[in-house]
1. Report, by residue number, each residue of the stretch 83-112 that is touching a helix residue (DSSP H, G or I) at 6+ places or on another chain (Cβ under 9 Å), farther than 16 Å from residue 56 by Cα and modelled with pLDDT of 90 or more.
2. For the subset of the stretch 40-64 comprising residues that are exposed (fewer than 14 other Cβ atoms within 10 Å of the Cβ) and touching a residue at least 24 places away in the same chain (Cβ under 8 Å), which member is nearest to the chain's Cα centre (by Cα)?
3. Considering only the stretch 23-39, state which residues are outside any helix (DSSP H, G or I) and surrounded by 13 or more Cβ atoms within 10 Å (Cβ to Cβ).
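The values are calculated or read from the model by the stated rules, or taken from the named source; none is laboratory data. Quantities reported herein were computed from a predicted structural model and do not represent experimental measurements. As a convention, Cβ positions derive from the backbone with ideal geometry for all residues, glycine included, and neighbour counts pool all protein chains shown.
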């Protein structure tokens, strides 16, 4: 890989971290110029960034769920509809993520 290829890869990585939308637009533009190799590099970085984003969302939902489940178990006298609602809605969000992104299966959740 030449220095310009390395610089291009870093550019795609930074762009994908900043904005998925702008990365997709830049990939389209590079494809229109006929530079398939550069577009492929950009697409790989975009896929990686999207994957990390989905994993962070899953992790956030799991933390919220576990916090409320622990509260539910440890503080039974303070149980409320709000806690019950949060537990239910968070479980539904996790299920939606799993349906939308098949790679976020039970094994991945247990690893988190």
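1. Initially, the stretch 83-112 is screened for residues touching a helix residue (DSSP H, G or I) at 6+ places or on another chain (Cβ under 9 Å), giving 83-84, 86-87, 90-91, 93-94, 97-98, 100-101, 103-106, 108-109, 112.
If we keep only those that are farther than 16 Å from residue 56 by Cα too, we end up with 83-84, 86-87.
Selection gives 84, 86, 87.
2. Top of the filtered list is 53.
3. 35 - this is the single residue of the stretch 23-39 that is outside any helix (DSSP H, G or I) and surrounded by 13 or more Cβ atoms within 10 Å (Cβ to Cβ).
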